[in-house]
Each structure stands twice: as C-alpha cells, then as structure tokens.
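The values are calculated or read from the model by the stated rules, or taken from the named source; none is laboratory data. Only a predicted model underlies this, so the values are computations on that prediction, with no experimental measurement involved. Don't worry about glycine lacking a Cβ; one is built from the backbone with ideal geometry, like all the others, and counts go over all protein chains shown. When the accessible area is computed, the model is the full protein with side chains, heavy atoms only, and any ligands, DNA or RNA have been set aside. Shrake-Rupley method; radii C 1.70, N 1.55, O 1.52, S 1.80 Å.
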Amino acid sequence: MSSSTQKSVLVVCLGNICRSPMGQAVLTHVAKERGIDIHVESAGTAGYHVGDEPDERTVATCQRHGVKINSLAQQVERSHFKRFDYILASDRSNLSTLERVKPADSTAIVCLFSNWSDGLPIQDPYYGGMDGFEKCFTQCEKYSNALLDHITSSGEGSKSAL
C-alpha cells in the first residue's frame, strides 16, 4: 500500500484500453485540480492488450476535455491487491473477476468506481460510437470527484503543495 499520506488507486476494466485508462487520466486530472496527492494507475482483468496504448477514441475524448492521458495497458496482478489502497472496477463483471482473484491477504478496498456515487456501471464504449466515450468521460469525472470527496472527508487524503 502507499504511504499514509498519499493514497493509491487502480482503475480496472476488461482490456485496459478504454474505460480504465480514461478513469486513470480523469482521476489524476481532477485530483491535481483539487490539490489532492494521489497515485493512480489502471489495469485490465484480461491480458488482451498488455503493452498497448489506450484506444484512439479514449485519447481523443480526454484531449477534447483538456485531460492528459499517457498509459500502457497492463493486466491486474496479485501484487496490486497490496500495492493499492483502492481497486475500482468499471462494472460488475470486472468486480466479480477481481473478487475471485483477490488474495486472502489483500489490503485493498475492492469495489465499483461508482461506489461513492450512483453505483452504476461504466458501460464499455469499445463497440459503439463517440457518444459512449463521452458518457464514459462524464461518469469518470463524477466518480473521481465522489471518490476524492470520500477520501478527503474521511481524513485519508492529503493536500499537495502545488
């Protein structure tokens, strides 16, 4: 797990090229805007795209909103369950996979990204149009703020010196 002042978050979807890298970029961006010190990465429950850059539509959506995105796909590993404070699934299917592979000595809170908001899944935009990526962005922004509100209200987060 991270240090007591800086929290760490792993955002998870299936392939780690659409929802989770967007979630990583948006959460990092929102935390920086709010002056909250947090470490964010993303991963997929499947290894289909390990080493790949995010989907070009994910990149375009983030760029349109002024959010920097720069990640390479990785697959969830056992070590992540001790390295991260929060492991946030994009939907119930990925949450189920995470719960199934979670080691007994896991120290991470494993839940939906939307846990501190409306509890809704982030639908996979991969097979749809750009509107799905925009909806994904809106949800990531909403859920990022809700998570950061939780972290700061519970005294878990720290303000960074900007």
Could you tell me which residue of region 9-61 is nearest to residue 140 (Cα to Cα), considering only residues that are part of a helix (DSSP H, G or I) and of a type in the set (Asp, Glu)? 33
Please work out which one of (1) without any contact (Cβ under 8 Å) to a residue 24 or more places away in the chain; (2) out of contact with any Leu (no Cβ under 8 Å at 6 or more places or on another chain); (3) among the small types (Gly, Ala, Ser) is the condition residue 51 fails and give its number. (2)
Hey, could you check region 5-24 for residues that are within 12 Å of residue 84 (Cβ to Cβ) and open to solvent by less than 10 Å² (accessible area, probe 1.4 Å) and say which is nearest to the chain's Cα centre (by Cα)? 11
For residue 78, the lone unmet condition from (1) in a loop (DSSP other than H, G, I, E, B); (2) out of contact with any helix residue (DSSP H, G or I) (no Cβ under 9 Å at 6 or more places or on another chain); (3) surrounded by fewer than 19 Cβ atoms within 10 Å (Cβ to Cβ) is (2)
Looking only at region 25-54, how many residues end up being polar (S, T, N, Q) and either crowded, with 24+ Cβ neighbours inside 10 Å or more than 21 Å from residue 102 (Cβ to Cβ) (or both)? 2
Do we find that residue 144 is assigned to a helix (DSSP H, G or I), under 23 Å from residue 17 (Cβ atoms) and open to solvent by 30 Å² or more (accessible area, probe 1.4 Å) in this structure? no
Search region 59-69 for residues being free of Cβ contacts under 8 Å to residues at least 12 places away in the same chain and open to solvent by 80 Å² or more (accessible area, probe 1.4 Å), and hand back the single one that is nearest to the chain's Cα centre (by Cα). 63
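Matching residues to (1) open to solvent by less than 30 Å² (accessible area, probe 1.4 Å); (2) out of contact with any Pro (no Cβ under 8 Å at 6 or more places or on another chain); (3) among the β-branched types (Val, Ile, Thr):
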residue	(1), (2), (3)
88	yes, yes, no
95	no, yes, no
101	no, yes, yes
104	no, yes, no
112	yes, no, no
120	no, yes, no
123	no, yes, no
Regarding region 109-130, can at least one residue be identified that is in a strand (DSSP E or B), at pLDDT 95 or above and among the small types (Gly, Ala, Ser)? no
